[in-house]
1. Apply the Karplus parameterisation 6.51 cos²θ - 1.76 cosθ + 1.60, with θ equal to phi minus 60°, to every residue of region 231-237 and state each ³J(HN,Hα) to the nearest whole Hz, in sequence, with x for glycine and proline.
2. Please go through region 162-212 and write out the trypsin sites (Lys or Arg not before Pro) that DSSP classes as loop and that have at most 11 other C-beta atoms within 10 Å.
3. Percent of accessible area on the chain owned by carbon and sulfur, 1.4 Å probe?
4. Using a 1.4 Å probe and ignoring any ligands, DNA or RNA, find the accessible area of residue 145 and quote it in Å² to the nearest 10.
5. Using Cα-Cα distances under 8 Å and only pairs 6 or more residues apart, what relative contact order does the chain have, in percent?
6. Which whole-Hz ³J(HN,Hα) couplings does region 202-215 yield from phi under the Karplus relation 6.51 cos²θ - 1.76 cosθ + 1.60, θ = phi - 60°, glycine and proline marked x?
7. In region 76-140, which chymotrypsin sites (Phe, Trp or Tyr not before Pro) fall in coil by DSSP and have 16 or fewer other Cβ atoms within 10 Å?
8. Give me the distance between the Cα centres of region 24-79 and region 303-349, rounded to whole Å.
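The values are calculated or read from the model by the stated rules, or taken from the named source; none is laboratory data. Remember, predicted model here, so these are calculated numbers, not experimental data. Note: ideal-geometry Cβ built from the backbone for every residue, glycine included; neighbour counts use all protein chains shown. Surface accessibility is based on the protein's heavy atoms, side chains included, excluding ligands, DNA and RNA. Shrake-Rupley method; radii C 1.70, N 1.55, O 1.52, S 1.80 Å.
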Amino acid sequence: MNIKKILLPAALILTAMNLQAQQPVEGTTYFLPKTAIKFNVLIEKTTTTPGQLALYADKYMRMRDVPQKPTTTYRLVSVSTRSVGLPDSTKQFTLQLDKKHVIYSVNRDENGVLLAVNAQPKKQRPYKAFKPARKPTPIDAHNYMTEDILAAGSSAKMAELIAREIYDIRDSRNQLSRGEADFMPKDGEQLKLMFENLDKQERALMQVFEGTTQKDTVETEITFVPEKEVDKQLLFRFSQKLGMVDIDDLAGRPYLVKVEDLHDIATIQLGTEKEKKSKDDIGLNVNLPGRIRLTLFKADEQWASFELYAAQFGRMETMSGELFGKKFNTNLILNGITGNVESINMQPQ
């Protein structure tokens, strides 16, 4: 997370503030966050390509039900969730800076969400996007065909010769495994290499009958901002034949989300009663987030359920400027996702 830090020398707090041009000179503008949920969906795409000689698979290799047409299918592998903080446009404020209050640094994220006052914010672990594994190099069957196979005058003849070559490879492997080959390897490592080479030749030649299958896994991210209680709101649609489809495409199976307000609001100790009732308002506000429950459904089938605190289901609290008076050196750290106070440390000056 990129952090914007504003340093405010105490002696020049009104005249030497290096703030953005759109901000008023007497303070710094910030947002409180709104809590959003990121759904990271992993989808596996399987592409099957028929073999060049698939029509002869049953006749020469006794292989039935090999693919005769190209097919593409999709499988939903997993869905993971994480909470993030977005700037709430309805909660934009200006933190006043003057000689009456000891405020020498203000930290915000790249979106202007307030993270800390007179302190370093808590470091957020960056999200690691899905990185697919490296694909194996495809095998070209033609590199393992003999001169007679390549010179065959018809597909049927080519299929017959390839089948014969495959059976010869299998026979050679069986002779090696029984120790009856004409040229036996000198050691186990050489034997292993010979087996691997025979397996590779067979896999390459079998492709002309059974075809090839390629799998690709991609990640799709969906951002959901709960605003109120809802019963099974459409989140996304997924099709085994088409993958992720538009939200209004009925070809996809609906995945729904239910939002429940648990009416449990976080609390913090803001200071003494005198400080709470003080009229010393310097524009410093925090969120007291509310706890909610999200339940995911595949059509009518419940899939997963979890609870979290969301800023928009709680309330906002104004912190007294007396907390940053001359008598104290106060450090304040906020949660960048909920806007709640994570820590507040007051040391007498």
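1. The phi angles translate into 10, 6, 7, 5, 9, 6, 10 Hz.
2. Sparse-neighbourhood loop trypsin sites (Lys or Arg not before Pro): 186.
3. 49 percent
4. Roll a 1.4 Å probe over it and residue 145 shows about 20 Å².
5. Relative contact order for the chain comes out at 22 percent.
6. Taking θ as phi minus 60°, the curve returns 5, 4, 5, 6, 5, 4, 5, 9, 8, x, 10, 10, 10, 10 Hz for region 202-215.
7. Counting only loop positions with at most 16 other Cβ atoms within 10 Å, the chymotrypsin sites (Phe, Trp or Tyr not before Pro) in region 76-140 are 104, 127, 130.
8. That distance is 41 Å.
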